[in-house]
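All remarks here apply to the structure that follows.
The values are calculated or read from the model by the stated rules, or taken from the named source; none is laboratory data. Computed from a prediction, not measured in an experiment: that's the story for all the values here. As a convention, Cβ positions derive from the backbone with ideal geometry for all residues, glycine included, and neighbour counts pool all protein chains shown. Accessible surface areas use protein heavy atoms only, side chains included; no ligands, DNA or RNA. Shrake-Rupley method; radii C 1.70, N 1.55, O 1.52, S 1.80 Å.
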Amino acid sequence: AGRTFMQQALPVTFGLRAAGWLSPLLRARQRLGEMKPRLFALQFGGAVGTLASLGADGLRVQEALAGQLDLAMPDMPWHSARDRFAELAGKCALIAGTLAKIAGDIALLMQSEIGELAEPAETGRGGSSTMPQKRNPVAAIAILAACEKVQALLPLMNRSMAADHERGTGSWHAEWLALPEIVVLTASALAAMRELAGGLEVDTVRMRENLDLTGGLIMSEAVMMALAPALGRLAAHDLVAHAGARAAAEGRHLKDILAEDTRAREALSTEGIEDLFDPVTYTGQAGAFVDRVLAEAAAQEHGATRREAGDD
């Protein structure tokens, strides 16, 4: 069940949800690669960024040092321009935000009332000191906690960009506390998510059962779209809305209510109404979207392999 505002909306595939988790991580990996030339740039400018103490040799020394350290040559010394480190922190925060979304989804789908996912099972993992039946989302909780700290530290990195004159008073010193922790927390959250995703248990039977919880109401849009050519969209919307309200009030299946409606039967036939209530028939282009994301993942992996082999 696809869910909007915490309520069942329309059918989706679990593959589509997982692809939705992966897609922003692929973009994050691209961003990290694109950032490297800006981030790994030499900072060498002397006391105030002029290299005055080296006289005419300043630029030659700077170039030689950049070559020795394998760092890019910036257009000028940048000691008080802290955008490079703020960008790194921002990229980490984007990754943390994506991981928090995934972890949050997993924790919600592990709720007893939903039960569609479960974290990897190990003796003593996720248990409660007083409630033996519990299987808590401990990995998701750890990821969420780490990502919360990353977001809390990000404003400090952004404020550090307001460095005064040619060497900031306290602002860049604050980076020493924030940036290492941001990087470590992000890396830790990624490692925990890798382990969690690798052992995630998916209960497809429960997923299918949950699709039936609303007595066919999850297929309301499909019914409305099927009725629209004959009745018009607004009339079809009103018919299904009233039928849905009646089904909920009477505790009956939506298709049974529609089968009693003359306009619905004339537009669809009884058999046509029955066919509309198979969720598998209303997942749209979910498969195509999954294929696109997997193709992008494969392309990135191929590119990484080529770079490691020295071909690119």
Point to revise | More than 23 angstrom apart: percent of Cα pairs within region 129-249 | key: 65
Study note, to complete from the structure: Working note, region 176-300: Cα radius of gyration (Å, one decimal) and Dmax (Å, whole number) are 22.3, 72
Point to revise | Distance cut-off 28 Å, percentage of C-alpha pairs in region 10-164 lying past it | key: 47
Revision key, fill the gap. Taking the chain, the lysine pairs whose C-alpha atoms sit under 21 Å apart (8 or more places apart or on different chains) add up to 4
Review point. Considering only the other residues whose Cβ falls under 14 Å of the Cβ of L10, what net charge follows from Lys and Arg at +1 and Asp and Glu at -1?
Key: 0
Review point. Taking a label point 7 Å from the Cα of R263 along the Cα→Cβ vector, which residues of region 223-240 have an amide N closer than 14 Å to it?
Key: 224-240
Exercise for review: Give me the angle, in degrees from 0 to 90, between the Cα long axis of helix 58-69 and the longest principal axis of the Cα atoms of the chain, rounded to the nearest 10.
Suggested key: 50
**Study point:** Cα centroid separation, region 44-93 to region 184-202 (Å)
**Key:** 36
Check your understanding: Hey, what does the equivalent ellipsoid look like for the chain, semi-axes from the Cα gyration tensor as sqrt of 5 times each eigenvalue, largest first, whole Å?
Key -> 54, 23, 19
Point to revise | Peptide ranges 276-283, 150-157 listed from the most packed, as the mean C-beta count within 10 angstrom indicates | key: 150-157, 276-283
Review point. In square nanometres, what is the average projected area of the Cα convex hull of region 24-64?
Key: 3.7
Check your understanding: Over the chain, what is the relative contact order in whole percent, taking alpha-carbon pairs under 8 Å and six or more residues apart?
Key -> 20
Check your understanding: Quick one: in region 238-298, what % of C-alpha pairs are over 17 Å apart?
Key -> 54
Exercise for review: Please state, rounded to one decimal and in Å, the Kirkwood hydrodynamic radius that region 1-79 gives when every pair of distinct Cα atoms enters the mean of 1/r.
Suggested key: 16.5
Point to revise | Cα long-axis angle, helix 286-309 against the chain (0 to 90 degrees, to the nearest 10) | key: 20
**Study point:** Distance (nanometres) between label positions extended 7 Å along Cα→Cβ at A52 and H302
**Key:** 5.6
Practice item. Send over a whole-number figure in Å² for the accessible area per residue of the chain, probe 1.4 Å. Key: 57
Point to revise | With Cα atoms, 0 to 90° folded angle of helix 171-198 axis to the chain main axis | key: 40
